[in-house]
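Report on the following structure.
What follows draws every value from the coordinates through simple rules; no lab data is involved. All values derive from a computational prediction rather than experimental measurement. Quick reminder, even Gly has a Cβ in these numbers, built from the backbone with ideal geometry, and neighbours come from all protein chains shown.
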DNA sequence: CCAATTCTTGACTGCTCGTTCCAGAAAGAG
DNA sequence: CTCTTTCTGGAACGAGCAGTCAAGAATTGG
């Protein structure tokens, strides 16, 4: 046997995710990645393959991390309405508090690459399905618990919430006006009021 | 006096817009632009300046063209609800019919550059304001004509519609499932029903 | 005609890109 | 210790990048 890796794969991948999240695929250079990841160039290639492969792995990692967060907020027992309000309020705060305006890595990937990269399209598409499912389950629970009587088509509303979430995040990249974003959230959540 | 230009400035700018719209700023090379615009490299630089300047001009042109389309649909006399339905149905059709999945150039610019380019941020931001205004005027008209009695906060709804529009278009880049997109539209428009 | 201007063409700058190669240091196994 | 494997660092690769230059052709106005 031989020497073992001196860095933690997940940690380094997380750093790579940050770079791609901030700059996107095209604008991130391998030199940027080497610098931020803190490992040797060769180790990078040995461990993660080429730039595109690394990007996909970073995207997968993002999905895991953010997917879990969403799950935790929406599956927690209690009012679904409150959970949704908390979720979207949190999105607004995060957006306003990020000087880099990174937005959502999954949304960024959709915008930049989904149209011309099958692998990215597959990931963003399945992420929609997964996120939609989390919304859907929460809506069903809300209905069962008698909280969301006005929601007639939970599947459609779940899809709507995904779209609304992405629209909100995108909008926050252009404007930092809190009132504007809060207006969007207010109207968006009115469909589950 | 001297020789006059042999190409139409607006026509070539339109071609440049198509390139940036399809590929984004980073992924579009000057060689791509030279090829598609059909003019000489030197003429390109003489007429439009460097790549970034050309990009901004292409973005401005897109805003002009698409802004006018939106205006025409929403300012036309008649039912505002119908106009909104037509607008969003059209967006879905366009999205499903575009094999390149270009989405909205303004949205793409927001996603790719607004976070790190002031000039792009300014344009996308003012585009939000302008589009919001068109929605707002249509909503006001709908209220005045007694069609949109349930709309209490037209300003907020206008902002919501912009966000919803962008969310829908982004989503269409990831999934080509018509039902999904139509679900989104259905719920989105329920706030003005 | 002439002079001025701008077109077109193609080669040509540096520079940065993603990726690979190589040589040596480091560390586990026998 | 020795062997083997992997990590590390830096140099190097060819390709493509944005942008420039120079020279000739073309077209205008006087």
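Based on this model, can you work out whether residue B:161 counts as without any contact (Cβ under 8 Å) to a residue 24 or more places away in the chain, surrounded by 15 or more Cβ atoms within 10 Å (Cβ to Cβ), more than 7 Å from chain A (Cβ to nearest Cβ) and farther than 27 Å from residue B:53 by Cβ? No; evaluated as a whole, the condition is false for this residue. A residue that is over 24 Å from residue B:184 (Cα atoms), surrounded by 15 or more Cβ atoms within 10 Å (Cβ to Cβ) and within 14 Å of chain A (Cβ to nearest Cβ) occurs somewhere in region B:39-55. Counting the residues of region A:131-151 that are outside any helix (DSSP H, G or I) and either in contact with a helix residue (DSSP H, G or I) (Cβ under 9 Å, 6 or more places away or on another chain) or buried (at least 19 other Cβ atoms within 10 Å of the Cβ) (or both) gives 5.
Report yes if some residue within region B:81-90 is within 12 Å of another protein chain (Cβ to nearest Cβ) and away from DNA strand C (no atom under 16 Å from the Cβ); otherwise report no.
Within region B:81-90, one or more residues are within 12 Å of another protein chain (Cβ to nearest Cβ) and away from DNA strand C (no atom under 16 Å from the Cβ).
When you scan region B:173-192, how many residues do you find that are more than 7 Å from chain A (Cβ to nearest Cβ) and in contact with a helix residue (DSSP H, G or I) (Cβ under 7 Å, 6 or more places away or on another chain)? Residues flagged as more than 7 Å from chain A (Cβ to nearest Cβ) and in contact with a helix residue (DSSP H, G or I) (Cβ under 7 Å, 6 or more places away or on another chain) within region B:173-192 amount to 7.
Residue B:78 - would you say it is away from chain A (no Cβ under 13 Å) and outside any helix (DSSP H, G or I)?
Values: away from chain A (no Cβ under 13 Å): yes; outside any helix (DSSP H, G or I): yes.
Against the criterion (away from chain A (no Cβ under 13 Å) and outside any helix (DSSP H, G or I)), residue B:78 qualifies.
Filtering region A:138-150 for residues that are closer than 16 Å to residue A:88 by Cα and more than 7 Å from chain B (Cβ to nearest Cβ) leaves a non-empty set.
Of the residues making up region A:169-185, those that are surrounded by fewer than 18 Cβ atoms within 10 Å (Cβ to Cβ) and outside any loop (DSSP other than H, G, I, E, B) number 3. Under the condition of being more than 12 Å from DNA strand D (Cβ to nearest atom) and under 18 Å from the mean Cα position of the chain (by Cα), which residue from region B:17-55 is farthest from residue B:101 (Cα to Cα)? This residue is B:17. Scanning region A:93-116 for residues that are within 8 Å of chain B (Cβ to nearest Cβ) and outside any helix (DSSP H, G or I) yields A:100, A:101, A:102, A:103, A:115, A:116. With the structure loaded, tell me whether residue B:66 is surrounded by 14 or more Cβ atoms within 10 Å (Cβ to Cβ) and out of contact with any strand residue (DSSP E or B) (no Cβ under 9 Å at 6 or more places or on another chain) or whether it fails that test. Yes; evaluated as a whole, the condition is true for this residue. For residue B:166, the criteria (1) in a helix (DSSP H, G or I); (2) surrounded by fewer than 24 Cβ atoms within 10 Å (Cβ to Cβ) hold in every case but one, which is (2).
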